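The values are calculated or read from the model by the stated rules, or taken from the named source; none is laboratory data. The structure presented is a predicted model; accordingly, all values stated were derived computationally and were not measured. Glycine gets a Cβ as well: all are built from the backbone with ideal geometry, and neighbour counts include every protein chain shown.
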Amino acid sequence: MLEADLLQYRLPWLSGAVYPGAHLGRMTGAGLLFKQHQPMAASSDPRRIDLRASVLDPFEHYRVRAYQQPSRIDVYLLADLSASMGHAGKQKILGTLLRTLARSAFGYGDRFGFIGAGERAEPRWLLPAGMHYEPVSRVAGQLESARFSGTAIGLGNAPAYLPAERALLFLLTDGHFPLAHLQGLLASLQMHDVVPLVLWDASEYRRLPAWGLLPVRDLESGVSRTLVMRPALRERIVYAYAQRRQDLLGTFRAFGSEPLFIEQCDIPAINRHLHQRTA
């Protein structure tokens, strides 16, 4: 996979992991970024003695340079597996994003995990953070052919499967559930860095016919009805989606996250969004 096909993320925070990686961390160790001076007794490496700092030390102790160690992080994809996410090719996009994000994380030396939930978090859709691609590929293939049903209320259990240290979380959802559920989920994830990706399909609202009979079905409730389409009704539907977009924006921003609305697995657009977070 080419570098242009991978996600390129940087963190606006310091990793607390003790294992070396590609991100700025809080640990001292092997690195190029100077962090502080330490007494010789705390870091017995004579190659890092700073003679100038040692001469200026009022207690006449040898001072040693300590460097900031780059550290790894855990990266997770949290996926909404409700019935509406099984519509209009969204499952294919989910599988593609899952594979791409895993390869991207492994390229940084990070661990990658996956949590998918519909009505509940099923064991088959749970991957603990690791560095092996085969389980990810297997789950991605299963997701693309699975049948989703119900709501995404099971995402509320996601924090139970996340690490105690801060992690980078990509949240993929179409947001077709009550805002109160979303608020509760975001409140439970506040210790982590959440990147929301809202997946909408243009056929759901922008490509509707101006006239005619249109059978529609609420995938999550199972209720079906037939709409007599006309320009005024079409405009009302488009307006409802625009209002929903504003509601989702406000909800995510209230918890410090800026969402990106996507209609496909657009890697360049996601990368631009990731770069803007740390600009």
Of the residues in region 167-208, those that are crowded, with 17+ Cβ neighbours inside 10 Å, in contact with a Phe, Trp or Tyr (Cβ under 7 Å, 6 or more places away or on another chain) and in a loop (DSSP other than H, G, I, E, B) number 3
What do you reckon, is residue 56 closer than 22 Å to residue 137 by Cβ and aliphatic (A, V, I, L, M)?
-> no
Wholly within region 50-150, which strands (runs of 3 or more DSSP E) include no fewer than the required count, namely at least 2 residues that are in contact (Cβ under 8 Å) with a residue 40 or more places away in the chain and surrounded by 23 or more Cβ atoms within 10 Å (Cβ to Cβ)?
-> 74-80, 111-117
When region 209-261 is examined, which residues are found to be at pLDDT below 85, in contact with a Gly (Cβ under 6 Å, 6 or more places away or on another chain) and in a helix (DSSP H, G or I)?
-> none
Take region 259-278 and flag every residue that is more than 14 Å from residue 101 (Cβ to Cβ) and without any contact (Cβ under 8 Å) to a residue 24 or more places away in the chain.
-> 269, 272, 276
Any chance region 159-169 includes a residue that's hydroxyl-bearing (Ser, Thr, Tyr) and within 17 Å of the chain's Cα centre (by Cα)?
-> yes
Give the residue, chosen from 145, 71, that is of a type in the set (Ser, Thr, Tyr) and closer than 30 Å to residue 178 by Cβ.
-> 145
What residue, of 102, 88, is in the same structural domain as residue 157 (by TED's automatic domain parsing) and modelled with pLDDT of 95 or more?
-> 102
Would you say residue 133 is over 26 Å from residue 248 (Cα atoms), aromatic (Phe, Trp, Tyr) and not assigned by TED's automatic domain parsing to the domain that holds residue 184?
-> no
